[in-house]
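Here is the structure we will look at.
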Amino acid sequence: AALALLCGSAAAVVVWKWLSKRHIQEKIEEVQRTRHEGLKRMAKAVQQFREQVPSVKTDAILSLPLLELAERLQEGSLSPKAVLYTYIEKALEVTQQTNCVQYFIPECEEQLQEIQRQSERGLLYGIPVSIKDHIGHQGHLSTCGLVQFLGTPEQEDSVLVKVLKKQGAIPFAKTNVPQSLFNYDCSNTIFGQTLNPLNHEKTPGGSSGGEGALIAGGGSLLGIGSDVAGSIRLPSSFCGLCGLKPTGKRLRPVLGTLLCLPWTLCHPMPVPCALGPMARDVDSLALCMKALLCEEMFQLDPTVPPIPFNEEVYSSSAPLRVGYYDTDGYFPLPPCMRRAVHETREALQAAGHELVPFSPHHIHKVVNELFLKTFFADGGRAWLDVFTGNIVDPCVKPQVNCCKIPKLGKKLLALILKPLVSFWLQSQSRAVSASLEMSVKEIWDHQHQIEVYRSEFINQWKELQLDVMLCPVLGPAFTAGFPGKLLSAASSTMLYNVLNFPAGVVPVSVVTEADEEELKLYRGCCDDRWDRMLKQAVAGAVGLPVAVQCVALPWQEELCLRFMKEVETLSREK
């Protein structure tokens, strides 16, 4: 009888798991049907517009830089309707190839009417803008690629969307993200894998990967992403775009319904996340920041410092004192990324700027202690909770599996792996240690350590009398599936989230055949499994973008952008 009861219980558990999985699958299929119907409706609306106004020169509109397009819209030589439908048509084409758009925002047609009723034309009048999945828009889902957020649309526009609309912009599409956002690939079980438009075997990066793919493919010319470890900068690097991570709270950080995600912008964190723009050139980023840092933003959210955009700093041409380094001493980047720093340094020196060698300290501690422990202070329980009722996407499985190890198991694994020579195994040990639950006192000590590290870094910066910093960024684009296995490879971007410095990415070159040959000789730290995995991840990248990272001190976004503009100008001249 006991055996029969045991067998019956086991069978019941199997059936219950099967039914739960089937229920999840049905919800996903329903969302996918809704999405498909929405794409068809938008394609039909584009076709109707094309029939009504066959004379629209779409190629001419798509070729215009943002500043020139904005000027044409302001003066009336282009209509917002023609621009909107041109970009929707292009976005439909790009998402068919790369799966970057989760869905279009039908209310963009209402916003089109609204801006024509406004008494004053905002700085972004008539500009179509794409937004990352988790940026709230009334009536639409903010899923983070998680099933539990299906069926709960946002009740109102986020502050950022309200300000965009006030400035005349037209939010028209929501873009794809990795499941839970905590990855720099771009895949989830609801909307699938997003591909890099420059090479479909590569990922566009993440977590703002849908934005990266859409803008790089030409389907948007301005997008809003977010960045907690490089989520704006890595897609920009992988897709050949310009992207800016501002100082935390320079822009409004609340994300509507996503209050249960511990690493999103709605929680006060010692390592803050930041919203920021992504575009094809630096002037577009500057225009976006200028538009967002307005009275409307400061009134809607009094916690945002009322600091308008400083045009004088951005437009300055005074020589800069630039700190630089080509490696952070933690994760050696591929040869082409270090080449990009060297060539940019030489170009800056030739242009009259002063270059000063810099060496960032204790990056092992930054990644494994200060960064990872911020997000897994509870042993990863809050993060694991968001996967309840979800099928885990392969791109985040390595992190999920690590967090699922029992506390005692984590301690034993960390002890066993710690003395081993392999950098990869030591890193695994540190990652396991970082996911151990902390006491309240340990959390206080951890936050104090972050403040101490920031003070030490700023003192080092001030002693060298630096204006800005030139440094590497992870790249070129990884083959899809590798980012989840190489989380700590993003140390170059994580550093400036821990420091809370504004940091931007600018493409300066492309991968050459010579770079690919030199990659074959790459040994990394120890020529161990992790180093060999990085070689696999970035191989086959000839012709893909190579970028550098530009950094300034907190609240100096304008100076960061001014430096990015200088780097962009010099790289284009070269």
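The values are calculated or read from the model by the stated rules, or taken from the named source; none is laboratory data. This one's a predicted model, so the numbers in the text were calculated from it and none came from an experiment. Backbone-built Cβ (ideal geometry, glycine too); neighbour counts: all protein chains shown. Accessible surface areas use protein heavy atoms only, side chains included; no ligands, DNA or RNA. Shrake-Rupley method; radii C 1.70, N 1.55, O 1.52, S 1.80 Å.
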For this session: Return the carbon/sulfur percentage of the accessible area of the chain, one whole number, probe 1.4 Å, all protein chains in place.
Result: 55
Exercise. So how much slack lies between Glu68 and Thr152, counting 0.36 nm per residue of separation and subtracting their Cα-Cα distance, in nm?
Worked result: 26.4 nm
Problem set entry | Kirkwood Rh in Å, taken over the chain so that all alpha-carbon pairs contribute | 24.3
Exercise. What's the FRET efficiency of Ala2 with Glu295 using the Cβ-Cβ distance as r and R₀ = 56 Å, to the nearest 0.05?
Worked result: 0.15
Exercise. What's the percent breakdown of Cα-Cα distances in the range 1-137 across 10 Å bins, shortest bin first?
Worked result: 10, 30, 26, 11, 8, 7, 5, 3, 0
Problem set entry | Centre separation in Å (Cα based) which lies between the range 537-574 and the range 455-507 | 12
For this session: Work out, step by step, the length gained on full extension between Leu464 and Thr303: first 0.36 nm times the residue separation, then minus their alpha carbon distance; give nm to one decimal.
Result: 54.7 nm
For this session: Between Glu29 and Lys397, with labels modelled 7 Å along Cα→Cβ, what's the label distance in nm to one decimal, could you check?
Result: 2.3
For this session: Take the alpha carbon atoms of the range 100-165, find their center, do the same for the range 11-56, and report the distance between the two centers in whole angstrom.
Result: 19
Problem set entry | Qualifying trypsin sites (Lys or Arg not before Pro) for the range 17-69 [loop in DSSP, other Cβ within 10 Å: at most 16] | Lys57
Problem set entry | Point-to-point label distance, Ser119-Phe358, nm (Cα→Cβ direction, 7 Å offset) | 4.6
Exercise. Modelled label-to-label distance, Asp445 and Val15, 7 Å Cα→beta-carbon offset: nm?
Worked result: 5.2
Exercise. Using only helices, what value at 222 nm comes out for the chain when you add -39,500 (n - 2.57) per DSSP H run of length 4 or more and divide by the total residues, to the nearest 500 deg cm²/dmol?
Worked result: -14000 deg cm²/dmol
Exercise. Using a Förster distance of 25 Å, how high is the FRET efficiency between Arg532 and His200, based on the Cβ-Cβ distance and rounded to 0.05?
Worked result: 0.55
Problem set entry | Qualifying GluC sites (Glu not before Pro) for the range 20-126 [loop in DSSP, other Cβ within 10 Å: at most 15] | Glu120
Problem set entry | Per residue accessible area in Å² of the chain, where ligands, DNA and RNA are left out and the probe is 1.4 Å | 40
For this session: Name the helices (complete DSSP H segments) of the chain with a Cα length along the long axis of 18 Å or more and a Kyte-Doolittle mean of at least -1.0, or state none.
Result: 2-52, 80-98, 335-350, 557-573
Problem set entry | Whole-number percent relative contact order across the chain, with pairs defined as alpha carbons under 8 Å at least 6 apart | 16
Exercise. Stretch Trp555-Lys411 to full length: gain in nm at 0.36 nm per residue minus the Cα-Cα span?
Worked result: 47.9 nm
For this session: Taking each pair of different alpha-carbon atoms in the range 440-500 once, compute 1/r for the pair, average those values, and report the inverse of that mean as the Kirkwood hydrodynamic radius in Å to one decimal.
Result: 14.1
For this session: Could you tell me which of the pairs Lys462/Lys485; Lys27/Lys411; Lys174/Lys249 are separated by over 32 angstrom between their Cα atoms in the structure shown?
Result: Lys462/Lys485; Lys27/Lys411
Exercise. To the nearest 10 square angstrom, what accessible area does Ser315 show with a 1.4 Å probe?
Worked result: 70
Exercise. Lys/Arg Cβ at +1, Asp/Glu Cβ at -1, dipole of the chain taken about the Cα centre: which of Val101, Cys560, Asn310 is farthest positive-ward?
Worked result: Val101
Problem set entry | Within the chain, percent of DSSP bridges classed antiparallel, to nearest 5 | 65
Exercise. So what is the diffusion coefficient of the range 116-184 in µm² per second by Stokes-Einstein at 25 °C and 0.890 mPa s, using a Kirkwood Rh over Cα pairs?
Worked result: 188
